[in-house]
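S.K.: I have a structure here, written as structure tokens, and I will follow up with some questions on it.
The values are calculated or read from the model by the stated rules, or taken from the named source; none is laboratory data. Keep in mind that what you see is a predicted model, and the values were worked out from it rather than measured. In this analysis, Cβ positions are derived from the backbone assuming ideal geometry, glycine residues included, and neighbour counts consider all displayed protein chains. Accessible surface areas use protein heavy atoms only, side chains included; no ligands, DNA or RNA. Shrake-Rupley method; radii C 1.70, N 1.55, O 1.52, S 1.80 Å.
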Amino acid sequence: MEQPSMKPKIEDFRYQTEHDTSIPLFCKDKSTLTKNFDFKNMQAELVETPTEALAIKVHCKSKDNFYTSMYLRPETGVVWDWSELSSFCFAFDVQNLNKRSTQVFINLFDHNGQMHSRCINVQGNSLKTYMVELKGELLKGRTNYYTGLRSNPAPWNSPHIYATWMWGSMNIDVSSIDHIELSVHGTLIDHNLIFSDFRLMQSPDINPNYFTHVIDKFGQNEHVEYQEKVHSTEELQDFMEQELESLKQGAMSDRSKFSGYKDGKQYQATGYFRTQKIDGKWSLIDPEGYPYFATGIDVIRLANAYTITGNDYDNSLVPQRDPADLTPEDSIEKLTVSDEAKQTAFVASKVRRDCFQWLPSYDEPLGEHYAYMRELFDGAVDRGETFSFYAANLERKYGKKNYLEKWREVTVDRMLNWGFTSLGNWNAPEFYSNDRIPFFANGWIIGNFKTVSSGDDFWSPLPDPFDPVFAERAEVTVQQVKNEMKGSPWCVGIFIDNEKSWGRMGTIEGQHGIAIHTLSRSDSESPTKAVFTQTLKDKYVDITALNARWGTDIASWDAVSDGLSGLEHNEAQLSDYGLLLETYASEYFRIVNCALKKHLPNHLYLGVRFADWGMTPDVVRAAAKHCDVISYNYYKEGLHPKAWEFLADVDMPSIIGEFHIGAKDTGVYHPGLVCAHDQTERGEMYESYMQSVIDNPYFVGAHWFQYIDSPITGRSYDGENYNVGFVSVADVPYQPMVEAAKRLHSNMYKRRINKK
């Protein structure tokens, strides 16, 4: 076979099959494995195929290693230049030799360091072709430029599988591709796969109607059938009657009043939730003194059940945000607008508008489920009208009168019957008055305080806790939480804020970004920078001592005050970066904790819900000084032992604030951050994840994200369109998930207590 060109042209495409016109990336040669591939924690060997395509069998040692990967590169000194090709995809075949499906992450890097990241779920015992679109008309602009979805459906008709968009840059430099990484990570089992026929495939012709009228009147995918799908209001009500009958079984018999373990030993009762280490394991203790393990579901509210319709109004007629607001735009339950504003409606996105088969008129009964989003994180529009199919379906189920009250009642019935011991984060405050199941409260500190940057601020810049305005806003936030929960003993604890970009491990700039970026600022513009300067003064006293330690030639402390840049990031500097970061984070957690203990002294401070991409050892140490429980959002297949070894040093009670597993078998276009093949496998993977938490002596609970599937057309704020609910958009529970929850919870406390 002739060596493939590093700079192929359109005429190099060759017809292979009806659905495959492509250019091979590698020749079938034994030397290719050493020249073009590297492997990390994988065993690899060439295998024979009946074609001229290269095939590599890999054994991913992922049970013992958190990260396993394969790297594809051009030969040394050569770049892949694919710029002369028209619309095309990077494509390859994968055969899964295991029964369980495998999630494979696909990262392509250009020489500028930009990354294009997607993922696929390779069904167990299957052989299929997967496509990663790299150049095409619909990739122009922002990530969600046309549809407003986190990940789009394939824009063409093809039997091959379109890879799910994850993150990074949609449009990397295809004239200078450095390498491709295929990885399997965050899983608890080994995986065995055969990758073959790596190629550049000409994209099929775009179907102009690929996103037209795909959503039916219940908010479901018109073209996909599944067990929980609703076809009529009568069928929806039949589902309801069957479920209500099953819920009469009630809660699990081993539970105390507060869902603790009443069949276990009873400890000191304080009337509120607290923490205690029992036989070497951290535990929560319920108000009556029983051991308590917190399992629950997040986002039990309607705020995230709205989707952008494609319409907008005269913005001058829409209520604007107040600087004193305490609730972020995406957490507002429902923003209504006047009839006057609705009369100005116009189509802002035809693509969005045309994807729905039906939307109600403003004056018909279900028209009350329109709302408005004034600002978007990302999407096809900057703002616009929204509609909740989920809320409309609740009204169809329960009738117009008191449908929300009935929904709240049934939701608590479900949680108790399914074995959950709490309502997780971001449940609607209307649940705070319930006296049947514990809940978690939350607040956001937002306001006009100064900020700092990590250099990679995913959701937003971080607050400057040394700005007095931050402490003022923390007080106001905690007071609001206090007013909502009214000191209820049913409240386990309070989360404040979420997934801040404290630092990303893996690179110096990522881990120490807050220190590096803040040091470059002047003391006069940044209160945190002024504290950093004083911290260095306190440590070194004389500027010559700092220079001797850092290997620098800084003229004076005034020069430090003015701002430092271009530092080498040597070991001495890195050590001090850690000191500065811990100083910064400690002040943030101290202020929040002081506000909480002042207003809610009987309730636990549960931290800020660290994202696995946004935490460093220095910040975790800072949290441990002030939090009662440290919270982590962790989207993997389970708690891999390697990733959590640090817990032994921290030795604090910990809780998982978010995790999920999704699939595409119900017609969604993005399964979620962790993928299963179907609903049955979702349930199995849910159990596996939870067992890894129950078996860890430092964890006192875990919350699934989230209660309701994202709208197929994406939640309003950022287009997130995941199949991660325990219930569908029609409020029909996914039975495999319910059965898995019941299996897990029926044995949870015994497993936790008896595990050695």
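S.K.: Out of everything in region 483-496 that is on the phi < 0 side of the Ramachandran plot and out of contact with any strand residue (DSSP E or B) (no Cβ under 9 Å at 6 or more places or on another chain), what residue ends up being least open to solvent (accessible area, probe 1.4 Å)?
M.R.: The extreme case among them is P489.
S.K.: Select from region 603-622 the residues that are among the basic types (K, R) and under 27 Å from T270 (Cβ atoms) and list them in ascending order.
M.R.: Within region 603-622, R609 is the sole residue that qualifies.
S.K.: Hey, another quick one. Taking region 38-68 as the search range and keeping residues that are acidic (D, E) and not in a loop (DSSP other than H, G, I, E, B), which one is farthest from D190 (Cα to Cα)?
M.R.: D38
S.K.: Let me ask another. Can you confirm whether region 233-244 contains a residue that is part of a strand (DSSP E or B), open to solvent by less than 40 Å² (accessible area, probe 1.4 Å) and within 25 Å of T307 (Cα to Cα)?
M.R.: No, region 233-244 has no match at all.
S.K.: I would also like to ask the following. Looking at K135, K140, K128 in this structure, which one is more than 21 Å from I712 (Cβ to Cβ), in contact with a Phe, Trp or Tyr (Cβ under 8 Å, 6 or more places away or on another chain), open to solvent by 40 Å² or more (accessible area, probe 1.4 Å) and in the same structural domain as Q103 (by the TED database)?
M.R.: Exactly one of K135, K140, K128 is more than 21 Å from I712 (Cβ to Cβ), in contact with a Phe, Trp or Tyr (Cβ under 8 Å, 6 or more places away or on another chain), open to solvent by 40 Å² or more (accessible area, probe 1.4 Å) and in the same structural domain as Q103 (by the TED database), namely K135.
S.K.: Scanning for something at pLDDT 95 or above and more than 19 Å from the chain's Cα centre (by Cα), does region 714-728 turn up at least one residue?
M.R.: no
S.K.: Moving on. What is the one condition in (1) modelled with pLDDT under 95; (2) in contact with a strand residue (DSSP E or B) (Cβ under 7 Å, 6 or more places away or on another chain) that P438 does not satisfy?
M.R.: Answer for P438: the failing condition is (1).
S.K.: Inside region 382-403, can you point out the residues that are surrounded by fewer than 19 Cβ atoms within 10 Å (Cβ to Cβ) and out of contact with any helix residue (DSSP H, G or I) (no Cβ under 7 Å at 6 or more places or on another chain)?
M.R.: Result: D382, G399, K401, N402.
S.K.: Same structure again: Quickly run through region 629-668 and pick out the residues that are touching a residue at least 40 places away in the same chain (Cβ under 8 Å), out of contact with any Leu (no Cβ under 6 Å at 6 or more places or on another chain), in a loop (DSSP other than H, G, I, E, B) and under 22 Å from I708 (Cα atoms).
M.R.: Correct list: K636, F659, H660, I661, A663, K664, D665, T666, G667, V668.
S.K.: Something else: Could you give me the residue pairs with C-beta distances under 8 Å whose first residue belongs to region 503-527 and is closer than 19 Å to F470 by Cα and among the β-branched types (V, I, T), whose second residue is open to solvent by less than 80 Å² (accessible area, probe 1.4 Å) and in a loop (DSSP other than H, G, I, E, B) wherever it lies, and which are 6+ apart or on separate chains?
M.R.: Matching pairs, first to second residue: I514/S453; I514/S454; I514/W502; I514/G503; T518/S453; T518/S526.
S.K.: A further question follows. Only one of T295, T212 is surrounded by fewer than 18 Cβ atoms within 10 Å (Cβ to Cβ) and not in a helix (DSSP H, G or I). Can you tell me which?
M.R.: The match here is T212.
S.K.: Could you pull out the residue among R751, R743 that is assigned to a helix (DSSP H, G or I) and under 30 Å from A624 (Cα atoms)?
M.R.: Unique residue meeting the criteria: R751.
S.K.: If you take just the helices (runs of 4 or more DSSP H) that sit entirely in region 481-558, which of them hold at least 3 residues that are under 30 Å from S259 (Cα atoms)?
M.R.: Output list is empty.
S.K.: Which members of region 541-558 meet the condition of being free of Cβ contacts under 8 Å to residues at least 24 places away in the same chain and open to solvent by less than 30 Å² (accessible area, probe 1.4 Å)?
M.R.: Matches in region 541-558: I543, L546, N547, I554.
S.K.: I've got another one for you. Specify the residue that is surrounded by the most Cβ atoms within 10 Å (Cβ to Cβ); the eligible residues are those in region 559-575 that are of a type outside the set (S, T, N, Q) and in a loop (DSSP other than H, G, I, E, B).
M.R.: Across region 559-575, the extreme among qualifying residues is L564.
S.K.: Ok, one more. Of all residues in region 349-374, which are open to solvent by 10 Å² or more (accessible area, probe 1.4 Å) and assigned to a helix (DSSP H, G or I)?
M.R.: K350, V351, R353, D354, P365, L366, E368
S.K.: Another question, if that's okay. Considering each of I591, I655, I630 in turn, give the residue that is open to solvent by 10 Å² or more (accessible area, probe 1.4 Å) and not hydroxyl-bearing (S, T, Y).
M.R.: Exactly one of I591, I655, I630 is open to solvent by 10 Å² or more (accessible area, probe 1.4 Å) and not hydroxyl-bearing (S, T, Y), namely I591.
S.K.: On the given criteria, is L579 under 33 Å from the mean Cα position of the chain (by Cα), open to solvent by 30 Å² or more (accessible area, probe 1.4 Å), of a type outside the set (S, T, N, Q) and more than 19 Å from P463 (Cβ to Cβ)?
M.R.: yes
S.K.: Which is open to solvent by less than 40 Å² (accessible area, probe 1.4 Å), touching a residue at least 60 places away in the same chain (Cβ under 8 Å) and touching an Asp or Glu at 6+ places or on another chain (Cβ under 6 Å), of V452, V478?
M.R.: Answer to the check: V452.
S.K.: Also: Out of the residues in region 1-37 meeting the condition of being in the same structural domain as F92 (by the TED database) and of a type in the set (G, A, S), tell me which one is most open to solvent (accessible area, probe 1.4 Å).
M.R.: Looking at the filtered set, the residue picked out is S31.
S.K.: Kindly check whether there is at least one residue in region 38-51 that is in the same structural domain as L193 (by the TED database), in contact (Cβ under 8 Å) with a residue 12 or more places away in the chain, closer than 19 Å to T129 by Cβ and not hydroxyl-bearing (S, T, Y).
M.R.: Within region 38-51, one or more residues are in the same structural domain as L193 (by the TED database), in contact (Cβ under 8 Å) with a residue 12 or more places away in the chain, closer than 19 Å to T129 by Cβ and not hydroxyl-bearing (S, T, Y).
S.K.: Report yes if some residue within region 726-743 is crowded, with 23+ Cβ neighbours inside 10 Å, polar (S, T, N, Q) and touching a residue at least 60 places away in the same chain (Cβ under 8 Å); otherwise report no.
M.R.: Yes.
S.K.: Is it true that some residue in region 254-265 is polar (S, T, N, Q) and assigned to a loop (DSSP other than H, G, I, E, B)?
M.R.: Checked region 254-265: at least one residue is polar (S, T, N, Q) and assigned to a loop (DSSP other than H, G, I, E, B).
S.K.: Please count how many residues of region 669-716 are under 25 Å from A428 (Cα atoms) and among the hydroxyl-bearing types (S, T, Y).
M.R.: Residues in region 669-716 being under 25 Å from A428 (Cα atoms) and among the hydroxyl-bearing types (S, T, Y): 5 in total.
S.K.: Cβ contacts < 7 Å: first residue under 21 Å from T451 (Cα atoms), restricted to region 483-502; second residue of a type in the set (D, E) and in a loop (DSSP other than H, G, I, E, B), any location; separation 6+ or different chain. Result?
M.R.: S501/D456; S501/D457
S.K.: Moving on to the next point. State whether one or more residues within region 170-177 are under 25 Å from H223 (Cβ atoms) and surrounded by 22 or more Cβ atoms within 10 Å (Cβ to Cβ).
M.R.: no
S.K.: Run down A530, A585 and say which single residue is surrounded by 20 or more Cβ atoms within 10 Å (Cβ to Cβ) and under 35 Å from the mean Cα position of the chain (by Cα).
M.R.: Selected residue: A585, the only one of A530, A585 that is surrounded by 20 or more Cβ atoms within 10 Å (Cβ to Cβ) and under 35 Å from the mean Cα position of the chain (by Cα).
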